[in-house]
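None of the figures in this text is laboratory data; all of them are computed from the coordinates on show. Please read all numbers here as calculations on a predicted model, not as lab measurements. As a convention, Cβ positions derive from the backbone with ideal geometry for all residues, glycine included, and neighbour counts pool all protein chains shown.
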Amino acid sequence: MAGARKVLVTGGAGFIGSHLVERLLERGAEIVVLDSFNNFYDPSVKRANVRTQLGNKNYTLVEGDLRSDDDLARTFEHGPFDVVVHLAAMAGVRPSMDQPALYMDINLVGTQKLMDRILAQHKPARLVFGSSSSVYGERAGESFSEDDRVDTPLSPYAASKASGELICYAAHHTRGLQVVNLRFFTVFGPRQRPDLAIHKFCKLIDSGKPIEVYGDGQSKRDYTYVADIVSGIEKSMEFEFSGWEIINLGRSEPVVLMEMIQLIEKYLGKKAVIEHKPFQTGDMPYTFANIEKAKRLLKYEPNYSFEQGIRNFVEWFVESKQKQAIK
């Protein structure tokens with residue numbers, strides 16, 4: 001890869017992180033991953049994500065916590081880094097309702113400690129911060145643009161991501177840290193976290209168990225295939241910029257929830273049993289990325305249709321299940 005020779009990826013054993021690391025290793029970059037392997041979901045899933053990467057001579061794994069000074073010191077012993085891609089976070093809207101303090105601790109205190117380490121390098125790295133479409137709050141009808149207000153978060157998770165962007169800006173403004181904030185829109189694909197809707201629905205439909213649909217099933221999400229997100233991250237690591245940017249990464253084609261379920265049914269070859277539930281507090285009824293800025297600055301173009309992404313996911317799901325059965 002052209003610019004970044006040594007890259008730190010926090011959360012690099014997770015869903016998006018492991019796909020990014022895979023791509024960067026293919027490009028010949030030297031990668032250090034910091035991941036806590038916490039129990040938000042089964043840690044064995046992350047272990048499987050990194051299994052094939054562990055043998056690569058350009059790959060180093062540090063198991064540790066962003067909030068730990070000792071763990072960060074161990075990580076930065078492998079530096080200096082040209083780019084830090086910060087994907088480690090407590091994720092999920094609904095779980096954040098139950099543990100808001102934990103979300104703020106990891107997503108804000110952890111991010112600040114990471115930035116302090118980056119700035120302590122002789123030549124500070126560029127920081128690519130993984131933010132979220134959830135910062136936009138409740139909207140209807142129009143696409144979400146980077147200059148829209150983001151001061152009405154619907155959940156502690158959304159608040160932590162919006163606040164994360166603010167502390168990144170403070171580090172840029174006061175100390176010159178180069179930061180690209182990427183707002184991801186509903187990422188899906190192989191290795192997707194098991195708590196996310198597409199994966200959860202696929203597993204339940206496959207096993208003949210009912211799926212819970214909140215509201216009337218007409219909510220919309222701008223689902224974005226993970227390979228397209230990885231391409232956007234990769235481009236954000238190298239493009240020329242003034243030192244501060246906020247950029248949406250989405251597909252810009254919202255999909256109705258019931259259409260998503262129908263595509264899973266189609267490629268799984270099974271019908272869903274649906275239980276309708278009241279719409280949940282904290283959920284966004286609608287997301288829609290304006291990606292004109294990403295196209296202009298990053299030459300970003302999503303290549304995967306939603307249907308192609310669902311087909312790829314279901315194929316991966318079935319193959320993974322078969323491998324587990326053999327074990």
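Structure values in brief
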item	result
Spatially proximal aspartates and glutamates relative to Lys321 (Cα-Cα < 13 Å; intrachain offsets below 8 disregarded)	Asp206
Cβ-based charge dipole, the chain, positive-most Cα from Val50, Ile16, Ser131	Val50
Shape call, the range 82-144: gyration tensor on alpha carbons, a/c limit 1.5	oblate
Set of aspartates and glutamates with alpha-carbon distance to Lys295 below 17 Å, sequence-local pairs under 8 removed	Glu146, Asp147, Asp222, Asp228, Glu234, Glu238, Glu240, Glu245, Glu253
Computed [θ] at 222 nm, helices only, for the chain once each DSSP H run of length n ≥ 4 contributes -39500 (n - 2.57)	-12000 deg cm²/dmol
Calculated FRET efficiency for the pair Asp206/Glu253, C-beta based, R₀ 35 Å, to 0.05	0.85
Farthest toward positive dipole pole in the range 81-208 [+1 Lys/Arg, -1 Asp/Glu at C-beta], among Met115, Met97, Ala159	Met115
Magnitude of the charge dipole, the chain, Cβ model with Lys/Arg +1 and Asp/Glu -1, debye to 20	780
Local net charge near Asp69, Cβ-Cβ under 15 Å (Lys/Arg +1, Asp/Glu -1)	-2
Compactness of the range 190-284 as Cα Rg over 2.2 N^0.38 Å, two decimals	1.33
The range 1-118, dipole about Cα centre (Lys/Arg Cβ +1, Asp/Glu Cβ -1), debye to the nearest 20	380
GNM flexibility winner over the chain from Lys203, Lys161, Lys123 (Cα, springs under 10 Å)	Lys123
Residue among Val150, Val226, Val180 with the largest mean-square fluctuation in a Gaussian network model of the chain, springs linking Cα atoms under 10 Å	Val150
Where GluC sites (Glu not before Pro) fall in DSSP loop in the range 225-305, at most 10 other Cβ within 10 Å	Glu240
Loop sites in the range 77-132: chymotrypsin sites (Phe, Trp or Tyr not before Pro), DSSP, at most 11 other Cβ within 10 Å	none
Highest-fluctuation residue, Phe288, Phe184, Phe317 considered, GNM on the chain with Cα pairs under 10 Å	Phe317
Separation in nanometres of the label points that stand 7 Å from Cα toward Cβ, at Gln322 and Asn39	3.4
The range 136-190 - charge dipole about Cα centre, Lys and Arg +1 at Cβ, Asp and Glu -1, debye rounded to 20	240
